[in-house]
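One structure below.
Derivation of every value follows stated rules applied to the coordinates shown; laboratory data play no part. What you see is a predicted model, and the numbers here were worked out from it, not measured in a lab. Reconstructed Cβ throughout: ideal geometry from the backbone, glycine too, with neighbour counts over all protein chains shown.
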Amino acid sequence: MLPITNFILLSAVIFTIGAVGVFFKRNIITILLCIELMLNAANLAFVAFASYFGDTTGQLFVFIVMTVAAAEAAVGLGLVIAIFRNRETLNVDEANILKL
Amino acid sequence: MFDAITNYFSNLTPEHYFFFLFAIVAIASALEVVMQRSPLYSAVALIFTMAALAANFVLLKAQFLAAIQIIVYAGAIIVLFVFVIMLLNVRAEESRLDRFTALRWIAAPSAIVLFAGAFAAIRFSNLDTLAPSPTAAAAGTTERIAEVMFTKYLLPFEAASVLIMMAIVGALVLAARAKEYDAELSGIENQEVPPKPEPEAQPEEVEVS
Amino acid sequence: MNTTTLLGGIIFAPLIGALVLGLFGKRMNERTVGLIASATVGVSFVLAIIAFTTLLGVAPEGAEGIRRLHNPLFPWIEVGSFKAPFDLVLDPLSALYVVFVTGVGFLIHIFATGYMHGEGGYYRFFCYMNLFMFNMLVLILGSNMLVMFVGWEGVGLCSYLLIGFYFQQQGPAFPNQSAKKAFIVNRIGDVAFAIAIMLVFMKAGSIEFAAVNEWARSLTAAEPMTVAAFGLGGASTIALLMFIGATGKSAQIPLFVWLPDAMAGPTPVSALIHAATMVTAGVYMVARTSEVFVKAPSAMFVVATIGALTALGAATIGLAQWDIKKVLAYSTVSQLGYMFLACGVGAFGAGVFHVVTHAFFKALLFLGSGSVILGMHHEQDMRKMGGLRKFMPITHATMAVGWLAICGFPLLSGFFSKDEILYQTFTTNAFANPVFGKIFWGIGALTAILTAVYMTRLMVLTFWTKERWHDDHGHDHGHADHADDGHGHHGLAKGETPHESPWSMTLPLIVLAIAAAVGGYVGVPNGLGHLVGIENSNMVEHFLEPSVAHVGSHGAVAGHGVEAAAPVAHDATLELGLTAFSILLALGGIGVGFWIFRKNPLLKLPKILEDKWRVDELYEATIIHPIRKLSESILWKAVDVRSIDGLVNAVADGIRGLGGTMRYLQSGLTRSYVAVILLGAACLVGYFLVQGYVK
């Protein structure tokens, strides 16, 4: 069977791509998508360890992460709609009313 | 050198081929998520990432999670994204990225550092020697997951359901009250603030945006 | 142990009615609502009769020989040794109560279908009425004190809801105020009752009535009759606390002030809740736990004193009221005082017998007054009535029966029960000194005269003197007193005449009149029974005998372990003599009433009586005002505003100050936040790397 490092490295790559996306993108929706990407990368690591240790707990964590992701998507998209209605934009740089 | 490569390839099992196939798909589509300007294309690319990762889950004998990954992520969450994208009718992202160029000089190195760190951690650890567990297949069955979820981790499970509940309410509030806030904001701009009965009990204006 | 499922049916039929009416009543027409409400109570009544006859057939159990029917419903609270199952039990005492409560309730429901015709919230009214029936039946049938407490609080709630039925009216003396008053005054008693329950559990180890009475019987001797006995935490303390609970629910001194105000509710409510059933719950509770009371002579003395004083005080107030319902309200308070007097001298059976007869004639009188009020277009001031005999013949005839019954006119129901109470009071030896019994008897006799006088006054003013409904005399009595029944318009317009009520109202009146007339024959006192050659003629008390304690006067059964309660030989001559005296009292009172009020119906009585001895003003000055001042100056302005709000504001100010400083860290640019997070993550990974490397 494959060594576990393959999966962990794949996870690290996808996580980094997601992180860079969160940083560089300006469209809020895309940022949310990139966050999903990062969560998925973490999920992959969880599943890999769960599988190699033969322990179901890791898989359960993935389950919880998915729940959180769903909740985050719902609230995040609600925020997106609220922001869009108020400011007619999805650019995070324009949602800067909170600054001094 | 050449021998090593041929050796390497001759030792490959079908699992390796599948892993590399899906890893490439996953990385490529993940890059596509970031590089597309239209969020709609990003969302579609994300579906491919999800699917490739689901295939990886199957390789790791987590069949149940693979199914859930497709159903929940690709089937529900991404669809939700697509709905919102279409609802808002977002134009393609502008290409200008010049406003905060300075940030790029922080972000790119930190991303590289991040990956390098993770890579180093993986390399320096002796994860390679970790033998696959013989009980891996049993650990990923629906039955086993259900058993663990409803006995040992019942409380986190219930907490997660409460979280979902709160998210539903929160999303409703955020999406539904947007109009009221609009009215409130325009009202405040247009007319004078009515005299408050008690000066010390002024309500703080709370804005979500 | 005999079990049955009948009792569950008795309580749940009205509950189902209440639920159906509460959920779907709004879309039903009046006919359907009235039908459902009356039918569910009717079902309860039929089931109650069946249960009653079943009870007569079961074998007595235990050393006391009490017939019991059990209906376990579900285990409710079980904590350690504390068990409070939601069980129902039917014994002679609760059987009697269930039958008259459902019977009178059924008739009043029918009456109300006519009385409430065309009112807004018709379905709401009947929903509450059915809910009340449910709670009252839970109170009666509960096998332990906690279940009784549930019913106890439930009837209080329904009472509150129904007094405030016309809640739309605004003003200082209007229904929602009266409702609040009733609720709050009842709370005072309820707290005492709740403490009593805890104390009972501590002492007896159980709150099942059977076990509590068993525990009380097992006490070797009664506690001494001193004030200090209340501090012992034994039977006296328990009995006193329970009696305080009873004074709240049954409107005794000092907590009687809510009942007259409760007349702001619709008249059927006054009849059902504030005359016939709920207010007698206190008497029921005392009778239920009578074994505890007989072990606490000092508490018994308090009960008798309060009962006697309430009977006399309320009667004097009733003498001077102008509002027809207020007269009846004070009459109810007075009669409740009689019942407690009976309990206090140890004649629990006589007290319960008076509860039953009182339920008949007082419900009759209230319903009759409701009929009058409706006929007069919501006029309650007796000064504006008069001469109604011609216009409302059925109401007049039935109310006349009720009037004679409450006055103690020979051979009507009130005569037997009142006579029994007076006799038992006279001959009691519940107290060490027999003089007390004579004094209480004197107060009771005086009250009997007053009762006859003020009831005669009511009848004279309402039915017999000349018609006054178009007279225009000054409203010197204050507006609020006779606008209580909740309608913008009241009184007859020029040229209108009063009218007789529809059959749905007169039929219950007739049935109740028959009951008020002959209801007493189930409890003909022994002396009279012997006179006409019947042995053991006092069926009610014989029926109740096993389930209530006896002390003192009753010759047939010895008291249970009370030292002072040696059996007294049944003195037929004395009893007959007292009976003759009672007849004299009743006839004398009626005669005096006629003599005074026939000529001068609008006779003004001392202002202090019309002002109800100014008890409300006294409470306002001594209790309510100081509490309000205390709350305002200390609790509100010092504790709440200064301390609590000050603390909260200080915390809020501190955090606001901190935030004001901290916000300079926030650039407001989303991307810079992300950069920081990323940097932090990189640092964390680096840290772990170094850690691993060092190892």
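One way to sum up the overall shape of region A:4-88 is the equivalent ellipsoid from its Cα gyration tensor, whose semi-axes run 30, 16, 4 Å, largest first.
Could you give the size of the charge dipole of the protein assembly as shown about its Cα centre, using +1 on the Cβ of each K and R and -1 on the Cβ of each D and E, expressed in debye and rounded to the nearest 20? Can you show the working numbers first?
Values: 59 positive and 69 negative charges, 135 e Å.
Its charge dipole is roughly 640 debye.
Against the main long axis of the alpha-carbon atoms of chain C, helix C:393-407 sits at an angle near 90°.
Just to confirm the number: angle between the C-alpha axis of helix C:92-115 and the first principal axis of chain C, 0 to 90 degrees, nearest 10? So the inclination is approximately 90 degrees. Other protein chain C-beta atoms within 10 Å of residue C-beta, averaged over A:38-46: 4. Across chain C, the relative contact order, built from alpha-carbon pairs under 8 Å that are at least six residues apart, equals 13 percent. For region B:8-90, the Kirkwood radius over C-alpha pairs fed into Stokes-Einstein at 4 °C and 1.567 mPa s yields D = 95 µm² per second.
Quick check on packing: order C:345-355, C:594-604, C:331-341, C:574-584 by the mean number of other C-beta atoms within 10 Å, highest mean leading.
Values: C:345-355: 31.0, C:594-604: 13.9, C:331-341: 29.2, C:574-584: 17.4.
Output ranking for C:345-355, C:594-604, C:331-341, C:574-584: C:345-355, C:331-341, C:574-584, C:594-604.
Potential lengthening of the chain between B:F83 and B:L21 amounts to 19.3 nm, from the contour at 0.36 nm per residue minus the alpha-carbon distance. Simple point charges give the picture: +1 on the Cβ of Lys and Arg, -1 on the Cβ of Asp and Glu, and for region C:631-694 a dipole about the Cα centre of about 280 debye. Look at the stretch B:30-42: the mean tally of other chain Cβ atoms within 10 Å of its residues' Cβ atoms is 6. In this label model, C:D653 and C:T3 are separated by 6.7 nm, measuring between points 7 Å along each Cα→Cβ vector. Using the average count of surrounding beta-carbon atoms within 10 Å as a protection proxy, the listed peptides C:496-504, B:112-120, C:381-389 rank, highest first, as C:381-389, B:112-120, C:496-504. In terms of Cα atoms, the Rg and Dmax of region C:631-694 work out to 22.6, 69 Å.
With the contact rule set at Cα under 8 Å and sequence spacing of 6 or more, what percent relative contact order holds for region B:8-90? Could you put the intermediate results ahead of the total?
Numbers: 64 pairs, mean separation 22.0, N = 83.
Across region B:8-90, relative contact order equals 26 percent.
In terms of packing, defined here as the mean over residues of other Cβ atoms within 10 angstrom, the peptides C:274-283, A:8-17 line up highest first as C:274-283, A:8-17. Bridges between two residues of the protein assembly as shown, per DSSP, are antiparallel at a rate of about 90%.
In percent, rounded to a whole number, the relative contact order of region A:4-88 is 28, using alpha-carbon pairs under 8 Å and six or more apart. Three semi-axes describe the equivalent ellipsoid of the protein assembly as shown; taken as square roots of 5 times the Cα gyration tensor eigenvalues and ordered largest first, they are 80, 35, 26 Å. A simple charge model with +1 on the Cβ of Lys and Arg, -1 on the Cβ of Asp and Glu and nothing else charged puts the dipole of chain A at about 220 debye relative to its Cα centre.
With helices as the sole contributors, chain C gives -20500 deg cm²/dmol at 222 nm; each DSSP H run of n ≥ 4 counts as -39500 (n - 2.57), and the sum is divided by every residue. Annotation: extensible slack from C:A572 through C:A221 equals 123.3 nm (criterion: 0.36 nm per residue apart, minus Cα-Cα distance).
Taking amide H positions as modeled 1.01 Å from N, with prolines and chain starts lacking one, the residues under 5 Å from C:W76 and 5 or more places away or on another chain are C:A84, C:F86. Placing pseudo-labels 7 Å out from each Cα toward the beta carbon at C:D611 and C:S667 gives an inter-label distance of 8.0 nm. Spin-label model, C:I184/C:F82: points 7 Å from Cα along the beta carbon direction are separated by 2.9 nm.
Under the 0.36 nm per residue contour assumption, what length would be gained going from the current alpha-carbon distance of C:L635 and C:E119 to full extension? Before the final figure, lay out the partial values.
On the way: separation 516, 0.36 × 516 = 185.76 nm, distance 4.27 nm.
Gain on extension, C:L635 to C:E119, equals 181.5 nm.
Normalising the Debye intensity of chain C to I(0), with uniform scatterers on Cα atoms only, and taking log10 at q = 0.05 Å⁻¹ returns -0.28.
Would you mind checking the pairs C:K249/C:K612; C:K180/C:K629; C:K83/C:K181; C:K438/C:K599 and listing those with alpha carbons more than 26 angstrom apart? If you can, show how the numbers build up before the last one.
Values: C:K249/C:K612 20 Å; C:K180/C:K629 20 Å; C:K83/C:K181 34 Å; C:K438/C:K599 36 Å.
Pairs exceeding the cut-off: C:K83/C:K181; C:K438/C:K599.
R0 = 51 Å: FRET efficiency of B:L172 with C:M202, Cβ-based, nearest 0.05? Spell out each step's value before the answer.
Details: r = 51 Å, r/R0 = 1.00.
Once rounded, the FRET efficiency stands at 0.50.
What FRET efficiency, computed as 1/(1 + (r/R0)^6) with R0 = 22 Å and r the Cβ-Cβ distance, is obtained for C:A211 and C:I16, rounded to the nearest 0.05? Could the numbers behind the result be given before it?
Working: r = 32 Å, r/R0 = 1.44.
The formula returns an efficiency of 0.10 here.
Near C:K295, which lysines are there with a Cα under 21 Å away, not counting those fewer than 8 places off in the same chain? Excluding near neighbours in sequence, the set is C:K203.
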